[in-house]
Amino acid sequence: ETGVTQSPTHLIKTRGQQVTLRCSSQSGHNTVSWYQQALGQGPQFIFQYYREEENGRGNFPPRFSGLQFPNYSSELNVNALELDDSALYLCASIIAGYPLDTQYFGPGTRLTVL
Amino acid sequence: GNSVTQMEGPVTLSEEAFLTINCTYTATGYPSLFWYVQYPGEGLQLLLKATKADDKGSNKGFEATYRKETTSFHLEKGSVQVSDSAVYFCALSEGNDMRFGAGTRLTVKP
């Protein structure tokens, strides 16, 4: 049990739609990162939020966006869904300044785009 | 850029067999190295880590040694159990950037 929860567990959308995925971090963890894990691949860094501002971004287009809230929850929004967006989306929370290996991962949301 | 390459799976072993999962990395600086484990329906969990050359990380009977000369961080366990069945990811980090390998699925049969 990592103290990080994600919702929903599974989601099915069609191409062109928009989706919002949610993450609830551990209390006190003021930094959250989102990762995309395609089937059979390792997680790829999408972006990180610290104090409600984007604090680093991987190689993902602007249609991937996020929000972070003061209550340690956050959202990942994806617009204009494409088939290749089908993946497991993981969030991970950490206290800013702590080593990356102290981040806690949620169980993920599996998104299927048809 | 930084990257991690790990042994392709799946790997199937009998209980009490010896496990090795190979991992090599490419990095411009001096990264920290990690092994993560992912059980079905759960998030990634840190298994062990090493932060500098020749460090050995260990946990739950698993070990890995940071070898700078061969840019490797192979995961080993002397005697696997059925409960070790999971997907294992090798990863490296420099600063805020963490890169993962593709993962190796391990199945241990009784």
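The values are calculated or read from the model by the stated rules, or taken from the named source; none is laboratory data. All figures in this text were calculated on a predicted structure; none of them were measured in a lab. Every residue, glycine among them, receives a Cβ derived from its backbone with ideal geometry; neighbour counts consider all protein chains shown. The accessibility values were calculated without ligands, DNA or RNA, using every heavy atom of the protein model including side chains. Shrake-Rupley method; radii C 1.70, N 1.55, O 1.52, S 1.80 Å.
Of everything in the stretch B:28-45 that's in contact with a strand residue (DSSP E or B) (Cβ under 7 Å, 6 or more places away or on another chain) and without any contact (Cβ under 8 Å) to a residue 40 or more places away in the chain, which residue is farthest from the other protein chains (Cβ to nearest Cβ)? Only one residue fits best here, namely B:Gln45. When A:Gly106, A:Gly28, A:Gly16, A:Gly66 are checked against the criterion of being more than 21 Å from B:Phe89 (Cβ to Cβ), under 10 Å from the mean Cα position of the chain (by Cα) and not hydroxyl-bearing (Ser, Thr, Tyr), a single residue qualifies: A:Gly66.
Return the only residue of B:Glu8, B:Glu15, B:Glu76, B:Glu63 being in contact with a Pro (Cβ under 6 Å, 6 or more places away or on another chain) and open to solvent by 40 Å² or more (accessible area, probe 1.4 Å). Full working, then the answer.
On the way: B:Glu8 fails: in contact with a Pro (Cβ under 6 Å, 6 or more places away or on another chain); B:Glu76 fails: in contact with a Pro (Cβ under 6 Å, 6 or more places away or on another chain); B:Glu63 fails: in contact with a Pro (Cβ under 6 Å, 6 or more places away or on another chain).
Testing whether each residue is in contact with a Pro (Cβ under 6 Å, 6 or more places away or on another chain) and open to solvent by 40 Å² or more (accessible area, probe 1.4 Å) leaves just B:Glu15.
Within the option set B:Ala91, B:Ala102, B:Ala53, B:Ala17, being touching a Gly at 6+ places or on another chain (Cβ under 8 Å) and either among the acidic types (Asp, Glu) or over 24 Å from A:Thr9 (Cα atoms) (or both) holds for one residue only, B:Ala91. If only residues of the stretch A:31-50 that are in contact (Cβ under 8 Å) with a residue 40 or more places away in the chain and over 27 Å from B:Pro40 (Cβ atoms) are counted, the one that is farthest from the chain's Cα centre (by Cα) is A:Tyr50. If you go through the stretch B:80-96 one residue at a time, do you hit one that is open to solvent by 40 Å² or more (accessible area, probe 1.4 Å), more than 15 Å from the chain's Cα centre (by Cα), closer than 27 Å to B:Gly1 by Cβ and at the interface with chain A (Cβ under 9 Å from one of its Cβ atoms)? Scanning the stretch B:80-96, I find at least one residue that is open to solvent by 40 Å² or more (accessible area, probe 1.4 Å), more than 15 Å from the chain's Cα centre (by Cα), closer than 27 Å to B:Gly1 by Cβ and at the interface with chain A (Cβ under 9 Å from one of its Cβ atoms), so the answer is yes. Listed by position, the strands (runs of 3 or more DSSP E) enclosed by the stretch A:1-96 that each have at least 3 residues that are away from every other protein chain (no Cβ under 14 Å) are A:10-13, A:19-24, A:64-68, A:73-78.
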